[in-house]
Amino acid sequence: AAVAVLWLAFAPSPCDAARRQEVDIEVEVEPAAGDTPLAAPQAAAQTPHPTVTMEEIEECAQLQACYCIKNTRCGWCDTFKKALPLSSVGGAGGVVCPNWVVGAASCPTLSCAPDDSSELVWWLQCSIMPAVCWVLWLVTYSWRDILHRYELSRSVGAHEASGGDAMARLHADAVTRDFFGPMRTLEIFQKGMNCPVEERLPLTTARPYELNLSDLSCAPGENYEKSRVGPHRLSVTLRIALHWRTALGANVVNSAGCMLLSATFILCLRNAARGMDKESYAWLTMATKEITAVVSPLQTAVGLLLSFYALNRIAWYWSVLMEGHALQGRIHDLAMIGGAVKKGTEEDWLARYTLYRHGILTLFYTYKPYTPSLRFLSSDPLIACGLLEREEAEILQGAHRGPVTVFESWLATWVAANLRNEARQQALHALRELRRSIAVLNALLEQRAPVSFESLLYVAVYALVAILPFSPSNIDYNNRQAVMENHHVATTVGVGILCSFYLALLHMLRHIQAPFDDIGAPSDALNAVALMNVTERKLRDYLTLPPSSSCTGQAHVETHTRYF
């Protein structure tokens, strides 16, 4: 009787068999060790939950992959590789599934692509950000290549116009107009204030001694103080910064390349989150997290190196700038004292004109070796504009140290021959200060960082830039569904901004070592021609202006006799 009761309680009915056939599950449960023979039939066929409807069964029967259960009323039995209604599994009378997946985010793979068209749509959606970055890189590369060709054509034209004598005269036209254009003769020099406008020196140059945002924020020839465009507006600053000859503009194409690498890596990461199994995806995310962990200490090291080096080089750049003004002031001191010499005869005017020429030529030959647009010039343009005589040019070619030493000697000779008493002492003091300023400027321009430090800095920065695209930050790798479905635009843009900052700073530090390089970095280069122009105009005033009427009396004559 007991056996009959158990059989009636656990034996499958014809209705149960029909329902199991509708769900299309073939279950063969092996009885575990220690189980009674009746446990197998119990596990093999459980009575479905009363709330399961045929609509749910049909909906789940159409799902072919685990991730297809997203936004449905179905779960996934990974043991049978079938989708089942959520209400049919577990609980009293439910179907038993050892590996039951309730949510789509817990699936082994996050792919639901029953045909090739769905797979193609997913890849097209994921390729939007890499495609945008690729177009951006292509545009910036073409833009920079066009500018390179334009500047190269100007350089070749300047080279051909100079007869092959100036290999690096990229700004030959501007230099000719600002410095070599005006003629210098004794007759024009003697006119002084009565010199006509066409014979006067230019009041401005193509570029000032030091460029700043205010100079570049207004249109050419427009005074920035009267311009309606503020020099510190964000749009104006970005327009200036993105010019390819600035540090940021020169590295826009490199930043776009970093964004392209980052977008491509994120595309691979999204595909891995979608198609890899959990174990393989965990290995990949662990490798990515290890790379990301290297970025933070490397950024600290690079920040320390860059901060130390940048602060010192900027201070060094300002020292070079100020030493140029000091050199200009020493020449002005010498001309101011020499301008008090009487100028009644032709010999007196010739002596003043000689001091004028030698003072400007001293400044010119001081900056000539460090300015690419002047470095390869011969003496012919100086002879043509009247600053240098041909006999003097022959003497300069035989100098052991350089032309500057010759002019320093000639200036000392002029002081000894034309000045007396206290005026001579003051002029010799100004001449010694002039020689000191030239020596300090030469020493500053030859100052460099140790090779080991500079190579370490470059390697650290390039290593950081190489790692950044493959170490996306602020991504929760455990949330595979979020990794797969997001484009991660902010992460890609952030990589581009960081790379542009580090590369632009390194570019600036590299080019700032040549502060007068008006070809490699004209926006940051000091314009020695502008300094010469201002110095020459003031020298002409010191040496040609007539004395005041109050200084022509007997007291002036006695003072002149005492000091000169």
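The values are calculated or read from the model by the stated rules, or taken from the named source; none is laboratory data. None of the values given here were measured: they were computed from a predicted structure. Cβ placement follows ideal geometry from the backbone for every residue including glycine, while neighbour counts extend to all protein chains displayed. Surface accessibility is based on the protein's heavy atoms, side chains included, excluding ligands, DNA and RNA. Shrake-Rupley method; radii C 1.70, N 1.55, O 1.52, S 1.80 Å.
Restricting to the range 126-141, count the residues that are of a type outside the set (A, V, I, L, M) and open to solvent by 50 Å² or more (accessible area, probe 1.4 Å). Outline the logic, then answer.
Within the range 126-141, the first condition is being of a type outside the set (A, V, I, L, M), and the residues that meet it are 126-127, 130, 133-134, 137, 140-141.
Within this subset, residues satisfying the condition of being open to solvent by 50 Å² or more (accessible area, probe 1.4 Å) are 134, 137, 141.
Matching residues across the range 126-141 total 3.
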Within the range 54-79, how many residues turn out to be part of a loop (DSSP other than H, G, I, E, B) and either out of contact with any Asp or Glu (no Cβ under 8 Å at 6 or more places or on another chain) or among the polar types (S, T, N, Q) (or both)? 9
Restricting to the range 410-439, and then to whatever is closer than 13 Å to Thr362 by Cα and in contact with a Lys or Arg (Cβ under 6 Å, 6 or more places away or on another chain), can you tell me which residue is surrounded by the most Cβ atoms within 10 Å (Cβ to Cβ)? Leu434
If you go through the range 398-421 one residue at a time, do you hit one that is under 17 Å from Ala340 (Cα atoms) and in a loop (DSSP other than H, G, I, E, B)? yes
Which members of the range 463-477 meet the condition of being touching a residue at least 40 places away in the same chain (Cβ under 8 Å) and either open to solvent by 30 Å² or more (accessible area, probe 1.4 Å) or of a type in the set (Asp, Glu) (or both)? Ala463, Ile467, Phe470, Ser473
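Could you tell me how many of the residues in the range 80-108 are part of a loop (DSSP other than H, G, I, E, B), touching a Pro at 6+ places or on another chain (Cβ under 9 Å) and either of a type in the set (A, V, I, L, M, F, W, C) or modelled with pLDDT of 80 or more (or both)?
To start, the set of residues in the range 80-108 that are part of a loop (DSSP other than H, G, I, E, B) comprises 80-81, 90-94, 96-99, 102-103, 107-108.
Subsequent filtering for residues that are touching a Pro at 6+ places or on another chain (Cβ under 9 Å) retains 93-94.
Next cut, either of a type in the set (A, V, I, L, M, F, W, C) or modelled with pLDDT of 80 or more (or both) only: none.
Counting residues in the range 80-108 that are part of a loop (DSSP other than H, G, I, E, B), touching a Pro at 6+ places or on another chain (Cβ under 9 Å) and either of a type in the set (A, V, I, L, M, F, W, C) or modelled with pLDDT of 80 or more (or both) gives 0.
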Between residues in the range 303-326 that are over 19 Å from Phe501 (Cα atoms) and open to solvent by 50 Å² or more (accessible area, probe 1.4 Å) and residues that are among the basic types (Lys, Arg) and part of a helix (DSSP H, G or I), which pairs lie under 8 Å by C-beta distance while being six or more apart or on different chains? none
What residue, among those in the range 111-125 that are open to solvent by 60 Å² or more (accessible area, probe 1.4 Å) and among the polar types (S, T, N, Q), is modelled with the lowest pLDDT? Ser117
Go through the range 481-512 and give me each residue that's in a loop (DSSP other than H, G, I, E, B) and either of a type outside the set (Val, Ile, Thr) or surrounded by fewer than 19 Cβ atoms within 10 Å (Cβ to Cβ) (or both). Asn486, His487, His488
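How many residues are within 14 Å of the chain's Cα centre (by Cα) and open to solvent by less than 10 Å² (accessible area, probe 1.4 Å) if we restrict to the range 518-553?
Residues of the range 518-553 within 14 Å of the chain's Cα centre (by Cα): 521, 523-524.
When the remaining residues are screened for being open to solvent by less than 10 Å² (accessible area, probe 1.4 Å), the result is 521.
The total comes to 1.
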Identify, by number, the condition in (1) buried (at least 20 other Cβ atoms within 10 Å of the Cβ); (2) part of a helix (DSSP H, G or I) that Pro515 doesn't meet. (2)
